[in-house]
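Engineer: Okay, handing you the structure first.
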Amino acid sequence: MDVGTAVTLDPEKAYEIVDGQPEEKEMAGARHGRVIMRLGARLEMHVEQHQLGGIYSPATTFQIGRNERLPALAFVSAARMPEGGEPEGIWPIAPDLAIEVISPNDLWEKVQSKVQEYFAAGVRQVWLVSWQQHTVSIYDSPTHVTILTGDDTLTSPVLLPDFSCRVSDIFQRSTRG
């Protein structure tokens, strides 16, 4: 953050640092959080079982170029883990995989700008998850995107060998029973 800037931040909110300034990361609600947890749980189980690295929650800050970002979920491969394990504070590296769950208030231009930023910082793949559209857009580069829906299978053979999850499973609603 800019040294000369005196800003009081609400400790109850999450902020990304963009161009040296705090930018509030909107908390999008229960459905948004449920999608993150459904996908995150599946990823965590797979990554842990196969000792591929680590899955990180939206509470984890990554240094993405000049900015500090909080992806909804992130994966760092075992090969890139520091000798002493994860840092206590901000990850000084970009994750291998950054996953953003789009909230209803996200501006498309900002989301696309973030995709560009992730790749410029060395992220190898970006997933944009839209619970409104029930899609997962897999970016292998800023210009190569595959959009998955419904019964399509979400995979990432290079980063997460043998991981698979039906897209519709991520978006199942919790119901009262």
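Engineer: Normalise the Cα radius of gyration of the chain by 2.2 N^0.38 Å (N = residues in it) and let me know the number. If you can, show how the numbers build up before the last one.
Structural biologist: Details: Rg = 16.2 Å, N = 177, 2.2 N^0.38 = 15.7 Å.
Here the answer is 1.03, to two decimals.
Engineer: Please sort 35-41, 79-85, 150-156 by packing, taking for each peptide the average over its residues of neighbouring beta carbons within 10 angstrom, highest first.
Structural biologist: 35-41, 150-156, 79-85
Engineer: Another question about this same structure. Only bridges with both residues in the stretch 15-170 count here: give the DSSP antiparallel percent, nearest 5.
Structural biologist: So the antiparallel bridges in the stretch 15-170 amount to around 80 percent.
Engineer: Of SER77, SER141, how do they rank once you tally other Cβ atoms within 10 Å and put the fewest first? Write down the numbers at each step before the final one.
Structural biologist: Numbers: SER77 16, SER141 11.
By the 10 Å Cβ count, ascending: SER141, SER77.
Engineer: Further question on the same structure: Show that you can apply the helix-only estimate: for the chain, add -39,500 (n - 2.57) for every DSSP H stretch of four or more residues, divide by all residues, and state [θ] at 222 nm to the nearest 500.
Structural biologist: Result for the chain: -7000 deg cm²/dmol, rounded to the nearest 500.
Engineer: So what is the relative contact order for the stretch 14-160, in percent, with contacts set as C-alpha pairs under 8 Å and at least six apart?
Structural biologist: Values: 230 pairs, mean separation 26.3, N = 147.
Reported as a whole number, the value is 18 percent.
Rule-based calculations on the coordinates, nothing more; no lab input. Since the model is a prediction, treat every value here as computed from it, not as a measurement. Positions of Cβ are generated from backbone atoms using ideal geometry, with glycine treated the same way; all protein chains shown enter the neighbour counts.
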